[in-house]
Amino acid sequence: MMGDGGRFVSWATLDDAPVLECDVAIFGSGIAGLTVASSLPDSLKILVFSKGPFGDGSTPYAQGGIAAAVGSDDEPSIHATDTLVAAVGIADPAAVAVLTSEAPDAIAFLEKTGTKFDKIDGRLALTLEGGHSRRRIVHAGGDATGAEISRSLFEAVGSRGISILNEAFLVDLLLDRHGHAAGAIVLIAGEVHLVRFSFAVLASGGAGQIYSATTSPASCTGDGMAVAYRAGAELADMEFVQFHPTVLVSDRDPRPLISEALRGEGAVLRDGHGDLVMEGAHPRGDLAPRDVVSRRMVELMVAQGVDQLYLDARPIASMMSARFPTISASLRQIGVDPARDQIPVSPASHYSIGGVRTSVDGLTSVPRLYSVGEAASVGIHGANRLASNSLLEGVVFGRRIALHIASTSGRSRNVDFEDVPRKLASTRNSTDRRQIRLAMDLYAGVIRDRHGLELLLKMFEQYPKSRVPCNQESIEQANMVMLSELIVRSALSREESRGAHFRQDIPDTVNSWRVRQLISRVGDQEPKISALAPDQPS
Ligand code: SIN
């Protein structure tokens with residue numbers, strides 16, 4: 001078997017492929033995947049597939065922290081209200097209640113796993129971020145929260161003898177004759193392998209790389225979402241892409257994040273004239289929800305004809321190196337001294353709010369297939385994710401998936417795979433990843449309109465369709481084209497502005513659009529989009 005670019009995945013290439021067997025196949029080795037792995041019973045055989053080397057996903061980059069109502073002035077219902085307000089009317093209140101009420105237990109679980117959170121006088125140190133009405137962001141290593149959580153979960157999984165297979169790229173899922181997820185095609189170090197499982201968990205992260213200005217690392221090409229869509233699963237909320245307001249202006253890919261926690265501690269946004277960007281723009285000023293701050297910045301940048309604004313961290317200069325060591329190091333590398341210089345920033349894509357639609361137990365619309373974390377859409381973020389709810393979602397819903405699998409009977413792996421080539425038959429592809437990314441920045445970014453979205457669709461429609469190639473780079477590109485198209489179709493369909501989806505041709509929020517959009521595959525035809533009331537259980 002080989003991973004050469006000229007071949008296509010077909011039944012013939014799978015016939016002689018080595019077969020791996022397990023009870024639970026987990027695709028993704030970030031906070032979500034490792035929480036599932038470390039919470040499953042010892043009696044199950046678990047395999048974790050990591051797309052690249054361990055740690056190549058978004059989790060180790062997470063800075064600000066993980067939200068939980070653990071302060072003495074806080075409670076889960078206040079955290080829930082903040083989450084629902086940021087979500088602009090279309091989060092699922094039941095899912096939000098699960099997230100926020102299980103958040104303190106999630107922190108306790110991580111501490112038990114070995115995560116060393118920052119403390120003051122023996123109590124968890126709490127910071128503030130946009131959209132939160134209380135200090136409730138728990139952090140580690142100052143601004144190295146994700147890296148510390150990754151370390152502790154990796155050690156916990158390792159100490160249980162669970163295997164993590166590196167350089168293992170998920171190509172497609174295979175269904176049995178009943179339509180249940182039963183197997184997967186995986187390229188391991190470029191070689192085709194078949195995996196048979198009883199349950200699979202897609203915890204493979206978001207699709208931030210479909211934009212050229214992004215904080216998401218190279219691995220974030222949305223493979224889990226694309227694979228689920230091809231297997232017939234519903235995706236939800238795809239039009240909502242979160243742009244983080246304060247991303248360092250730099251040629252680096254991904255671009256370094258300047259955590260919102262700096263504004264939580266007192267840094268402020270200024271334009272090139274030194275004027276405050278958020279003054280008068282929102283009652284919470286610099287700590288308004290992210291969509292509001294990003295939009296205000298883009299509008300101002302367009303009006304002033306500039307491509308960057310500034311984060312003024314001089315008011316917090318004395319705490320920078322101890323409280324924000326990762327950011328201080330990034331700034332040093334480019335010669336910026338936050339005690340003297342303002343930090344050049346602009347918004348960049350940061351988080352895929354949409355993903356594989358799941359229930360609060362992580363179940364997708366394909367039996368035996370679960371999804372969690374950025375790959376999933378359980379309905380907690382609505383139109384705009386509240387800061388630091390993403391690490392939290394990985395832990396809360398990851399633990400629930402483990403419980404659900406442990407209580408589900410029937411672990412047969414004797415499956416007859418369906419006709420694989422037919423399912424993998426066609427997907428649009430482009431060899432020009434750069435073109436897709438720049439076009440998405442331009443026409444499907446913080447500010448959109450019908451004209452730009454239609455131009456994108458026309459561009460995608462010109463890409464030829466072919467069978468799935470036997471080569472990681474080409475499959476990633478096909479996934480990027482597919483997800484870009486689904487984002488654009490969902491954005492065109494939503495004829496209003498809400499949260500992270502702002503259409504300058506329809507700037508108002510429209511009450512009849514207080515629905516989530518689901519999108520699913522109908523053979524080789526155009527995807528089907530349907531509406532779901534936010535309080536309709538997933
Ligand atoms: C940040 O530190 O600003 C990012 C936190 C998040 O994305 O929730």
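The values are calculated or read from the model by the stated rules, or taken from the named source; none is laboratory data. Please read all numbers here as calculations on a predicted model, not as lab measurements. Backbone-built Cβ (ideal geometry, glycine too); neighbour counts: all protein chains shown. Heads up: the accessible areas ignore ligands, DNA and RNA and are worked out on the full protein's heavy atoms, side chains in. Shrake-Rupley method; radii C 1.70, N 1.55, O 1.52, S 1.80 Å.
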I'd like the full set of residues that are over 23 Å from Tyr61 (Cβ atoms) and surrounded by fewer than 19 Cβ atoms within 10 Å (Cβ to Cβ), limited to segment 145-175.
Ser159, Arg160, Gly161, Ser163
Of these, Glu155, Glu148, Glu234, which one is touching a Lys or Arg at 6+ places or on another chain (Cβ under 7 Å), without any contact (Cβ under 8 Å) to a residue 60 or more places away in the chain and at negative phi?
Glu148
Name the one entry in Asp82, Asp105 that is open to solvent by less than 20 Å² (accessible area, probe 1.4 Å) and either in a loop (DSSP other than H, G, I, E, B) or of a type in the set (Asp, Glu) (or both).
Asp82
Assuming Lys119 fulfils every condition listed in (1) of a type outside the set (Gly, Ala, Ser); (2) farther than 30 Å from Ala168 by Cα; (3) away from the ligand (no atom under 14 Å from the Cβ); (4) in contact with a Ser or Thr (Cβ under 8 Å, 6 or more places away or on another chain) apart from one, which condition is it?
(4)
Turns out the strands (runs of 3 or more DSSP E) fully within segment 317-403 with at least 3 residues that are under 28 Å from Arg503 (Cβ atoms), within 13 Å of the ligand (Cβ to nearest atom) and small (Gly, Ala, Ser) are 343-352
What pairs come up if the first residue lies in segment 48-71 and is among the acidic types (Asp, Glu) and open to solvent by 30 Å² or more (accessible area, probe 1.4 Å), the second is at pLDDT below 95 and more than 16 Å from the ligand (Cβ to nearest atom), and their beta carbons are under 6 Å apart, counting only those six or more places apart or on different chains?
none
Specify the residue that is nearest to the ligand (Cβ to nearest atom); the eligible residues are those in segment 62-79 that are in contact with a Pro (Cβ under 9 Å, 6 or more places away or on another chain) and in a loop (DSSP other than H, G, I, E, B).
Ala68
From Asp341, Asp337, Asp307, grab the single residue that is open to solvent by 10 Å² or more (accessible area, probe 1.4 Å), more than 25 Å from Ala383 (Cα to Cα) and touching a Ser or Thr at 6+ places or on another chain (Cβ under 8 Å).
Asp307
Selection status of Gly89, over 18 Å from Ile31 (Cα atoms), in contact (Cβ under 8 Å) with a residue 24 or more places away in the chain, buried (at least 24 other Cβ atoms within 10 Å of the Cβ) and not basic (Lys, Arg)
no
Filtering segment 118-132 down to residues that are assigned to a strand (DSSP E or B) and out of contact with any strand residue (DSSP E or B) (no Cβ under 7 Å at 6 or more places or on another chain), which residue is surrounded by the fewest Cβ atoms within 10 Å (Cβ to Cβ)?
Ile120
Failed condition for Ser530, given (1) within 25 Å of the chain's Cα centre (by Cα); (2) open to solvent by 60 Å² or more (accessible area, probe 1.4 Å); (3) of a type in the set (S, T, N, Q), with all others met?
(2)
Suppose the filter is more than 27 Å from Leu438 (Cβ to Cβ), away from the ligand (no atom under 16 Å from the Cβ) and part of a strand (DSSP E or B); does Tyr310 pass it?
no
When the residues of segment 92-102 are narrowed to those that are open to solvent by less than 50 Å² (accessible area, probe 1.4 Å) and touching a residue at least 40 places away in the same chain (Cβ under 8 Å), which ends up nearest to Ala32 (Cα to Cα)?
Leu99
Any residue that is hydroxyl-bearing (Ser, Thr, Tyr), outside any loop (DSSP other than H, G, I, E, B) and modelled with pLDDT of 95 or more - is there at least one of those in segment 138-149?
yes
Could we say that Ser152 is in a loop (DSSP other than H, G, I, E, B), modelled with pLDDT of 95 or more, of a type in the set (Ser, Thr, Tyr) and more than 16 Å from the ligand (Cβ to nearest atom) here?
no
So if I check each of Ser520, Ser497, Ser484, which one is surrounded by 22 or more Cβ atoms within 10 Å (Cβ to Cβ) and under 26 Å from Thr358 (Cβ atoms)?
Ser484
Only one of Val277, Val293, Val302 is at pLDDT 95 or above and within 15 Å of the ligand (Cβ to nearest atom). Can you tell me which?
Val293
Segment 217-237: number of residues that are farther than 23 Å from Glu167 by Cβ, open to solvent by less than 10 Å² (accessible area, probe 1.4 Å) and part of a loop (DSSP other than H, G, I, E, B):
2
Please go through (1) within 29 Å of Ile185 (Cβ to Cβ); (2) aliphatic (A, V, I, L, M); (3) open to solvent by less than 10 Å² (accessible area, probe 1.4 Å); (4) at pLDDT 95 or above for Leu456 and return the number of the only condition it doesn't satisfy.
(1)
If Arg123 meets every condition in (1) free of Cβ contacts under 8 Å to residues at least 12 places away in the same chain; (2) closer than 19 Å to Ile405 by Cβ apart from one, which number is that one?
(2)
Residue check, Leu174 against (1) within 16 Å of the ligand (Cβ to nearest atom); (2) under 30 Å from Gln525 (Cβ atoms), all met but one. Which one?
(1)
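The rows are residues; the columns are (1) among the acidic types (Asp, Glu); (2) open to solvent by less than 10 Å² (accessible area, probe 1.4 Å); (3) assigned to a loop (DSSP other than H, G, I, E, B).
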residue	(1), (2), (3)
Thr246	no, yes, no
Asp253	yes, no, yes
Gly264	no, no, no
His273	no, no, yes
Gly280	no, no, yes
Val292	no, no, no
Met297	no, yes, no
Filter segment 491-538 down to the residues that are among the small types (Gly, Ala, Ser), in a loop (DSSP other than H, G, I, E, B) and free of Cβ contacts under 8 Å to residues at least 60 places away in the same chain and list them by number.
Ser497, Gly523, Ala533
